[in-house]
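The values are calculated or read from the model by the stated rules, or taken from the named source; none is laboratory data. Fair warning: this is a prediction, and the values are worked out from it, not measured in the lab. Neighbour counts run over all protein chains shown; Cβ positions are idealised from the backbone, glycine included. When the accessible area is computed, the model is the full protein with side chains, heavy atoms only, and any ligands, DNA or RNA have been set aside. Shrake-Rupley method; radii C 1.70, N 1.55, O 1.52, S 1.80 Å.
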Amino acid sequence: MKNLDGFFKPASVAVIGASRTPGSLGKMFIESLLKYEFTGKIYPVNPKADVIDGLKCYPSVDALPDGTDMAVILVRKELAPGALEQCGEKGIKNVIVITAGFKEVGGEGIEREKKLIEIADRYRMQIVGPNCMGIINSDEKYSLNASFSPTAPERGGVAFISQSGALAVSILDFARDMHLGFSIFVSMGNKANLTDIDFVEYVAEDEATKVITMYQESVDNGAEFMDKIRRITKKKPVVVLKAGKTSAGQKAASSHTGALASSDNATQAMFDQSGILRVDTMQELCETALAFSTQPVPANDNICVITNSGGPGILATDAITKYGLQMAEISGETEKKFREIIPEDGSAHNPIDMLAAGDHNMYASCVEIALQDDNIGAVLVIIVRPPVDTTPKKIIEHIGGVIKKYPQKPVFLAVMTRHDEESGKDLAAEYSLPVFNFPEAAAKAIADMRRFVKWQNKPLGNVVTYEVDRDKVANIIKNAQEAEREHLTDAEVREVLTAYGFPMPRFAVSGSAAEAVAFQKELGSPVVLKIESPDILHKSDIGGVKVNLHSEEEITAAYEEIMQNALKVTTAERIEGIMVQEMVSGGREVALGTVKDPNYGPMIMFGLGGIFIEIFKDVVFRVAPITDAEADEMMESIKGYPILKGARGEKPVDFAKLREIMLRLSQLLTDFPQIMEMDVNPLLANPVAELTKAVDARIRIEV
Ligand code: ADP
Ligand code: MG
C-alpha cells in the first residue's frame, strides 16, 4: 500500500505557477488554500512576484525551504515536465500535476505524459494527475483544499475519488444542497502514476471516511484492483459510478461466449465478485453516499414507512419491493401502539398513514414506536407539506429529538417539498438525518446499504481443484501453436475435456454410413450424427447435426444429408468424418464458456444454452478463477434458474455436478492462459449427476 500522507496531511505545500492575476488558476489555487484555512505552510512559487495574497513568494523550486511535503504544478504544459524534474531534484516526493495537455489530447501529449512518468520513477516521486483538479482533505487538523474548486465541501464521512475533474467540481456544488459531507476528495486525472486502487486503499484506512465513492471511466490493472478491493469492501462500502457502459463490445467472435461478452459484462462481473455497489447515476451515487455517511446500516430488510399521505406511501411500497426489500409486517402489539396515536381513518398497517392530521407530535410518536420494534430494520418517513398546524421543519425537529435514543436503527426522510426555511432540510442535517426528495430514492439507498451488509456476511467460498492431466493439455496446445492452428480440432477439444474430467457421451468418428450404423448397434441407444471439420464451427447452422436417430434407415439418411450439406461449405479433404454420439435425453441445456478480457483475464460464462443462446442472452459472467460459492451464485442468478430448479413438476438438475464442471473449467483456464475463447454448449444438465454431459465444445487458443 502506498503512503499518501504527504498529499493529504502535508505540513507544507508549494504552488508552482502561483499567480497574482485575478481569475487565473494560479490565483484561485492560492485562494482555495487560504479560504479553507490550511493549517500548514503555503509556498507560492513565481519568479516574477515577491508576495502573493500576503504569502512570501519563492522565485524557483530550488529556492523552496527543504523538506517541503507536497508541490502542486500549475504551469503551462510545456513547462510541466521541467517543473516536476525540479521537484525531484529538490527532494519533494509528492506532486499534484494540475496541468492538462497530456495523454488525454493524444499525439505529443502521450509523449509528454511518458516523460512525467519517467521523471517520477527516476526520483521515486508519487504524482496525482496530470490533468486533474486536485485534492481535498476536510480533516480539521489539515483543512487542505488543494484544488481550484470554488466550493469547499462540508465535513463528513464520504470519500470521493473521481476520474473526471469536471464531475468532481459539480458534485461538490450539488453536495452542498444535499448536506453531503466529505472526508477526502481526489480528482485523479490521467492516473499516470497513482491510480484508483492507491487512493481507495488510502481512504479505506482513513478514520473519518465511512463510505468510499468513485466515478470511474476505466479501471487500471483490473485483476489487481479486484483482488485488493474485495478485501476493502468487507469493511467499508465502496460505491462506484462506472461510465462507458455501452461500449462496442467484442468484435468478430468465434464463440457464443465471445459474442455475448462485452466490456461491461467484465466490469459487472468484477463488481459483483468484489462487493462493489454499482450505481447508475451521479444522483444515486450521492444519495447512497448520504445514507451510508449519516445512518447505521439496517439490521434487516424490513422497512416501516410512516407517511401523512397515501400516494407517496404506495410509491414507497413499490420501490421497497422493487429494490428487494420488504414492507415490515407490523406485530399486533406495535399496531396497537400506532392505533392509539393515529386518526381513526388512518392506517396502522405498513405504510403507517396518519393522513393529513399528522402533526409533529404524531410523527415523533410514530417514529418512536417503529424504532422500538425489533422486527423493523429501518424507518422511512415521508413528509408532504402538511395542511395542519405544523411545518416539515417542526416535524423534523421533533423526530430529531426521538432518534437520539435509538442510535442503532436508521431513519431516512423523504421530504417532498421545496427547499425553503420551512422545509427543515437544513435542520435535518444537524441531526444527521438524510433527506431525499422522493421515497423511491430513499428506498434505493436503503437497499444499497442492505446489499453491503449481505456482502459482508457472505462467505467468499473456496477455489476447488481436481486431479487432472495437465501435461496432456499442455501438449495439445503446444502442438496446435506450433502448427499455428487457432482452433483446436474436435478431437483435440474432446481430449482436453477428458483430461480435465468433463463428462461426455460415448462417441465414435465414422467414415461411412455403415460404420455409423455399426457403432449405433454397439451402443444400443439412439444417436446423434455431427459433421466434423475444421471449417465448420457452428454445425447446426449448415445442417451438420441430426439428433435422435434410432434405425439403420434413419442413420443412413442422416449421414448422407449431413455430408451433402457439408460439401456445400467445404471440400471432402477437409471433412474428418461424421461423429456418432450417444443421444442424451432428459437434459436441460446450459452453456459454459470463457472469453479473455483484456483487463481482467479469463472470464467464465454460465447461462441457458443450446442453439438459441444468443437470442435469450440469459448468461452471467465472472472473472476466473471462481470459488464454489461463486459458481452457485452464478447458477442462481440467471433468469432461467427456475428451469434448472425444475418447473412444472420436473426434478431439479444436479447442481453439485454443474458446480463441479464449472470449477473444472475454472481450473483449466487458470492452468492455461493460452485459451482465448471456449464454449461448452450445450452442457446437458440432468437430475442425475452421471447423466450430466457436455455434448459440444470448441476452443480457440492464442497462436
Ligand atoms: P453446434 O453447436 O455446432 O450446432 P451441437 O453439437 O451443439 O452443434 O448440436 C446442436 C444441438 O443438438 C445442441 O444444442 C443440442 O440441442 C442437440 N444435441 C447435440 N448433441 C446431442 C446429444 N448427444 N444428445 C442430445 N442432444 C444433442
Ligand atoms: Mg453447440
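Pop the C-beta distance of ASN221 and LEU567 into the FRET formula with R0 = 41 Å and round what comes out to the nearest 0.05.
It comes out at approximately 0.25.
If you take the beta carbon distance between ARG176 and PHE612 as r and set R0 to 60 Å, what does 1/(1 + (r/R0)^6) give as a FRET efficiency, to the nearest 0.05?
0.70
Quickly work out the VAL703-to-THR321 label distance, labels modelled 7 Å from Cα along the C-beta direction, and quote it in nm with one decimal.
Calculated label separation equals 5.6 nm.
Relative to the Cα centre, what is the charge dipole magnitude of segment 142-252, using +1 at the beta carbon of each Lys and Arg, -1 at the beta carbon of each Asp and Glu, and rounding to the nearest 20 debye?
Computed about the Cα centre, the dipole is about 400 debye.
So what is Rg over Rh here for the chain, counting just Cα atoms and using Kirkwood for Rh?
Here Rg/Rh amounts to 1.08.
List the pairs from LYS103/LYS242; LYS191/LYS235; LYS234/LYS657; LYS114/LYS236 whose alpha-carbon separation is above 28 Å, in the order I gave them.
LYS234/LYS657; LYS114/LYS236
Please list, by residue number, every one of the trypsin sites (Lys or Arg not before Pro) in segment 410-486 that is coil in DSSP and has at most 13 other beta-carbon atoms within 10 Å.
Sites meeting the loop and neighbour criteria: ARG418.
What are the GluC sites (Glu not before Pro) within segment 391-461 that DSSP puts in a loop, where the Cβ has at most 16 other Cβ atoms within 10 Å?
Qualifying residues, ordered by number: GLU421, GLU422.
Angle check, please: helix 80-90 long axis (alpha carbons) against the longest principal axis of the chain (alpha carbons), in degrees 0 to 90, nearest 10.
70 degrees
To make sure I understand the rule: partners must be aspartates and glutamates, Cα under 17 Å from the Cα of LYS394, and not fewer than 8 residues away in the same chain. Which ones qualify?
ASP359, GLU368, ASP420, GLU421, GLU422, ASP426, GLU430
Please compute the contact order of the chain in relative form: average sequence separation of alpha-carbon pairs under 8 Å and at least six residues apart, divided by the residue count, as a percent.
Dividing the mean separation by the residue count of the chain yields 9 percent.
Largest first, what is the accessible-area ranking of PHE438, PHE502 with a 1.4 Å probe?
Ranking PHE438, PHE502 by accessible area, largest first, yields PHE438, PHE502.
Taking all protein chains as present, what is the carbon and sulfur share of the accessible area of the chain, in % to the nearest whole number, probe 1.4 Å?
C and S fraction of accessible area: 50 percent.
What are the residues whose amide H is under 5 Å from the amide H of TYR58, where those residues sit 5 or more places off or on another chain and H is modelled from the backbone?
The list, which skips near neighbours in sequence, is VAL45, ASN46.
Using a 1.4 Å probe, how large is the accessible area of MET676, given in Å² and rounded to the nearest 10?
40 Å²
Let me have the 222 nm mean residue ellipticity of the chain computed from DSSP H runs of 4+ only, each contributing -39500 (n - 2.57), with the sum over all residues rounded to the nearest 500.
Theoretical 222 nm ellipticity from helices: -11500 deg cm²/dmol.
DSSP loop GluC sites (Glu not before Pro) in segment 274-332 with at most 16 other Cβ atoms within 10 Å of their Cβ, which ones?
For GluC sites (Glu not before Pro) across segment 274-332 that sit outside H, G, I, E and B with at most 16 neighbouring Cβ atoms in 10 Å, the list reads GLU329.
Put a dot 7 Å past each Cα toward the Cβ at ASP5 and SER551; how far apart are the dots in nm?
8.7 nm
Could you provide, to the nearest whole Å², the per residue accessible area of the chain with probe 1.4 Å?
With all protein chains present, the chain gives 42 Å² per residue.
Using the structure shown, list the pairs from LYS35/LYS77; LYS9/LYS77; LYS9/LYS93; LYS546/LYS617; LYS77/LYS115 with a Cα-Cα distance above 19 Å, or answer none.
Where the Cα-Cα span goes over 19 Å, the pairs concerned are LYS35/LYS77; LYS9/LYS77; LYS546/LYS617.
So how tilted is helix 490-499 from the main axis of the chain? Cα-based, degrees 0 to 90, rounded to 10.
That works out to roughly 70 degrees.
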